[in-house]
Structures are given as C-alpha cells and as structure tokens.
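A short write-up of the structure that comes next.
None of the figures in this text is laboratory data; all of them are computed from the coordinates on show. Source: prediction; values computed, not measured. Cβ: placed from backbone, ideal geometry, glycine included. Neighbour counts: every protein chain shown.
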Amino acid sequence: MGCAVLIAANWKMHGSLAFADAYFTSAAALRWPEAQQRIVFPPATLLGPARAGAAAAGMVLGAQSIHGAAEGAFTGSLSAEQVAEVGAAWALLGHSERRAQGETDEDVVAQLGAAARAGLRAMVCLGEPLAARNAGQAESFVLAQLAALLAAPGAALGALGAVAYEPLWAIGTGETATPEAAQAMHRCLREALHAQGLGALPLLYGGSVKAENARALLSQNDIDGALVGGASLNLETFHAIARAAIE
Ligand code: 13P
C-alpha cells in the first residue's frame, strides 16, 4: 500500500475570484484525510485573494510557474519572490505545458534556485512524450530529465519538495498510465533519487487522475500522491480523490 501523503490540484488557466471563493468555502466544510498535505496551484491572479480561504480549508497554495531571475525585463513573468509575497508556499516547475512553450531543463534548474532563494518548495514535473514510450525509451527519457534536475547546485536542490511523473500522452486525454506502468516508472525514479540521498521525496503521479482510477494508482508502493488537473476543478471529485488516497 502506498502512503498517499500529498494531493495537488493544478487548475491551469481556469478559475475566477468567484470560483476560488466558492471552492475554498465549500472545501472548508468538508472532512479531509488527516496526515495528508493538499496543495492547490491556481492562476497567479488568485494567489493573494485565495490566501485566507485556502488556509481555512487546510490547503496550501502554489504558483503554476516562476521565472528563474529575481527581477528584470521579463514581460509577463513572475518571480519566486513575487508569488511568495502574495501567498504561494510552493511552485510547480517544468510542467509539460510550460516545456512545450520552450522552457528547458536549464530553465527548470534556474527556477529551482529561485524557489530556494524565496523559500518556496518546488514540485517538479517529468514525463515522456508518446513517441518516446512507443520507442521503448520512456524510462531513459524521464531519467535524463531527472539527471538534469539533480545536477542543480545543492542549495537549489534543497527546495525540491516533490517530483511529479506526468506522461505527456496521459495529460488531459482521459488516458491514464496503468497502475503497473506508473508504478514501474515511479520505482525507477525512486531508485535514482535514492542514489542521491533523496529517496524520501514524495513521488506524485499525474495524467487524467479521476475519482474512478485514483485508488488503484495511489495504492501502488511508490506512488505517494497525485497531481490532478481537470478533475481538480470539481471540488467533490478532488475530495473523492483525496479520500481515495487513504482508503
Ligand atoms: P489532467 O489531470 O487534466 O490530465 O492534467 C494533469 C496535469 O497536467 C496536472 O498538472
């Protein structure tokens, strides 16, 4: 039985002030599993306004992305310090939807350093595209991303709070990795992290996690939690996923 300690919601570019208000007000009235951390990554505009509501619901807020620099001429970007100031405790780094916009492993390492500088915990996403999986190269692809991350300076690595395995072909497609395939990748990641003294880091699975498949995924030995996209926008569903983690 895996110990599902961390359940995260990535709202992506969804949500408004009214949505966040209703979500956290309703969440505060629900009974959530104890000994489990829940993180919500809303759009950055909602971090400040949702700060008190999320805290009342026992949830921690995170930013969906940060820039690697502390300040500068980076139109449209936000620094780790800026999101921390308005209530983020975490930052999501290396999401495939950001990598698809041009972010590289080097950017992720710089962002990890920025997170460390600003006192944020970082959740770093890794995952292979379908072509790599079909070519039998899923593990080598993901391990190469992990190696690039682990090459970060020690001070930056201190900010690493969780790693999320999100196979690209399972994101937003309704297609999920089988629990066995996800477990096999997580085992591989665990061993690589263990070799660096990081074997205790929570390893989350993401990619079309739903109430129906959460239990089978979260009961795997090396799946410590879930990073939920679309299904997290429905509070009842997110609650059911969080509960599945302890059942
Ligand atoms: P879905 O759960 O919508 O597939 O999204 C997964 C994801 O990208 C979470 O970061």
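Screening residue 9 against (1) within 16 Å of the ligand (Cβ to nearest atom); (2) assigned to a loop (DSSP other than H, G, I, E, B) leaves a single unmet condition, (2).
For the stretch 203-245, taking the residues that are under 23 Å from residue 23 (Cα atoms) and in contact with a Pro (Cβ under 7 Å, 6 or more places away or on another chain), the one that is farthest from the ligand (Cβ to nearest atom) is identified as 243. Given the structure, is residue 139 charged (D, E, K, R), over 16 Å from the mean Cα position of the chain (by Cα) and away from the ligand (no atom under 16 Å from the Cβ)? Yes: the conditions hold for residue 139. Of the helices (runs of 4 or more DSSP H) that lie entirely inside the stretch 43-114, those containing 2 or more residues that are under 21 Å from residue 152 (Cβ atoms) span 80-85, 96-99.
What tally of residues in the stretch 85-112 results from selecting those that are farther than 20 Å from residue 12 by Cβ and crowded, with 21+ Cβ neighbours inside 10 Å? Give the derivation first.
Of the residues in the stretch 85-112, the ones farther than 20 Å from residue 12 by Cβ are 85, 104-106, 109-110, 112.
In the following step, the residues that additionally are crowded, with 21+ Cβ neighbours inside 10 Å were identified as 109, 112.
Of the residues in the stretch 85-112, 2 are farther than 20 Å from residue 12 by Cβ and crowded, with 21+ Cβ neighbours inside 10 Å.
Among the residues of this structure, residue 40 does not count as one that is hydrophobic (A, V, I, L, M, F, W, C), under 14 Å from the mean Cα position of the chain (by Cα) and more than 16 Å from the ligand (Cβ to nearest atom). The single condition from (1) within 16 Å of the ligand (Cβ to nearest atom); (2) closer than 24 Å to residue 127 by Cα that residue 15 fails is (2). Among residues that are away from the ligand (no atom under 16 Å from the Cβ), under 18 Å from the mean Cα position of the chain (by Cα) and not basic (Lys, Arg), residue 196 is not included.
Residue-by-condition table, conditions (1) closer than 18 Å to residue 221 by Cβ; (2) under 15 Å from the mean Cα position of the chain (by Cα); (3) away from the ligand (no atom under 16 Å from the Cβ):
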| residue | (1), (2), (3) |
| --- | --- |
| 113 | no, no, yes |
| 117 | no, no, yes |
| 160 | no, yes, yes |
| 192 | yes, no, yes |
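Listed residues 159, 192; which is in contact (Cβ under 8 Å) with a residue 24 or more places away in the chain and within 21 Å of residue 65 (Cβ to Cβ)?
On the way: 192 fails: within 21 Å of residue 65 (Cβ to Cβ).
Criteria check complete, one pass: 159.
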